[in-house]
Amino acid sequence: MSDAPKHKHLVFSGMQPTNTLHLGNYLGALKNWVKIQNDMPCIYCVVDMHAITQDVGYGRPAELAQATREVAAAYIAAGVDLKKSLVFNQARVPAHAELAWIFNCVARLGWLDRMTQFKEKSGKHKERASVGLYTYPTLMAADILAYKATHVPVGEDQKQHLELSRDIAQKFNNDFSVPDFFPLPEPVITGPGTRVMSLRDGAKKMSKSDDSDYSRINLTDDADAIAQKIRKAKTDPAPLPDSEKGLEGRPEAENLFNIYAALADEPRARVVAQFAGQQFSGFKNALAELAVAKLTPIAAEMRRLLADPGEIDRVLADGAMRAGAIAGPVLAEVKRLVGFLH
Ligand code: TRP
């Protein structure tokens, strides 16, 4: 890592509390968050301020609060260890909003104009999108840089936002003549096989916004629902392949093998070899059993945690206090550099 000597390694990542989490969130993000805790200190945020940039999060206070608790519970149930990592919700630590304002003045309109996610999310009527949706990436940069985080586990879709965070860090360092003040945070792109596709269409990502609940496995699904969804998953008529090459051009089969390999923590080639020559039905039964074994304990732990919302709220408040203690001095230094009396 280019900035390794100057900045202590620190991980920051976050998820929006906009809806129930699914297998894609688990295999694509949470599972890796849990792993990386052994390598460096980690900060995992529930980004509730990002959640109000779109209608799904805006105007439903009770739902937002509950979704925030659920996402925090999912982090912990998936294995985020509160002894190693900080877990809190973004709105509780004012440094995020304060630094985001300063970054709004560092970032250029031209940079934000290039963000493809804004174009997708704002759709045909960009003039009706919230200003917050447009400046979302500067808040994300503030999330990361308020802690001088060096490593950011993100999916492919967030890479462009992370590049913008680097551009903001670089420009701030240049403009205020503090060459090494902010690190240039590196993406930790999660390995192959963690891009989970819809169970109904191997060309589409598994998504919380898909109309069909059969397209995704929710982290809170019970054993019957998980097994049903896997048995009904779309496949093709060809027999199971005997090598990874045989998965080419068969997106649904490939997705199921990716899911199996990721859940089992085994190389995909080994999984393909194990089932070579068998029927889809047998493979699906094995996958259903594996998915039930791996996912239902997470759902049970989430339910246990959510049964005591007071406890989750205490965890989040404690995490926020400790996060604030890290971000506070960074923000104070930024204010001094900018020239704010504070
Ligand atoms: N934008 C991210 C997403 O939608 C969530 C996010 C907000 C985030 N702040 C972050 C991710 C900081 C990593 C680091 O997935």
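The values are calculated or read from the model by the stated rules, or taken from the named source; none is laboratory data. Owing to the predicted nature of the structure, the values given are computational and were not obtained by experimental measurement. Counting neighbours? That spans all protein chains shown, and the Cβs are built from the backbone with ideal geometry, glycine included. For accessibility, only protein heavy atoms count, side chains too; no ligands or nucleic acids. Shrake-Rupley method; radii C 1.70, N 1.55, O 1.52, S 1.80 Å.
When the test is whether a residue is within 14 Å of the ligand (Cβ to nearest atom), among the charged types (D, E, K, R), open to solvent by 10 Å² or more (accessible area, probe 1.4 Å) and in a helix (DSSP H, G or I), ARG195 does not pass it.
Considering the range 2-39, the residues that are touching a strand residue (DSSP E or B) at 6+ places or on another chain (Cβ under 6 Å) and open to solvent by 30 Å² or more (accessible area, probe 1.4 Å) include one that is modelled with the lowest pLDDT, namely THR20. Of the residues in the range 38-59, at least one is under 30 Å from ALA264 (Cβ atoms) and away from the ligand (no atom under 16 Å from the Cβ).
Within the range 50-93, can you find the residues that are of a type in the set (Lys, Arg) and closer than 18 Å to MET321 by Cα?
ARG69, LYS83, LYS84, ARG92
Within the range 45-72, the set of residues being free of Cβ contacts under 8 Å to residues at least 24 places away in the same chain and assigned to a loop (DSSP other than H, G, I, E, B) comprises ASP55, GLY59, ARG60. Among the residues of the range 134-146, just one is under 17 Å from ASP48 (Cβ atoms), open to solvent by 10 Å² or more (accessible area, probe 1.4 Å) and more than 8 Å from the ligand (Cβ to nearest atom), namely THR135. Of the residues making up the range 270-279, not a single one is open to solvent by less than 50 Å² (accessible area, probe 1.4 Å) and under 22 Å from the mean Cα position of the chain (by Cα). The single condition from (1) within 10 Å of the ligand (Cβ to nearest atom); (2) assigned to a helix (DSSP H, G or I); (3) at pLDDT 95 or above that VAL152 fails is (2). The set of residues from the range 288-317 being within 24 Å of the chain's Cα centre (by Cα) and open to solvent by less than 20 Å² (accessible area, probe 1.4 Å) comprises ALA291, LEU295, ILE298, ALA299, MET302, ILE312, LEU316.
When we screen THR150, THR194 for residues that are farther than 18 Å from LYS6 by Cα and not small (Gly, Ala, Ser), the only hit is THR194.
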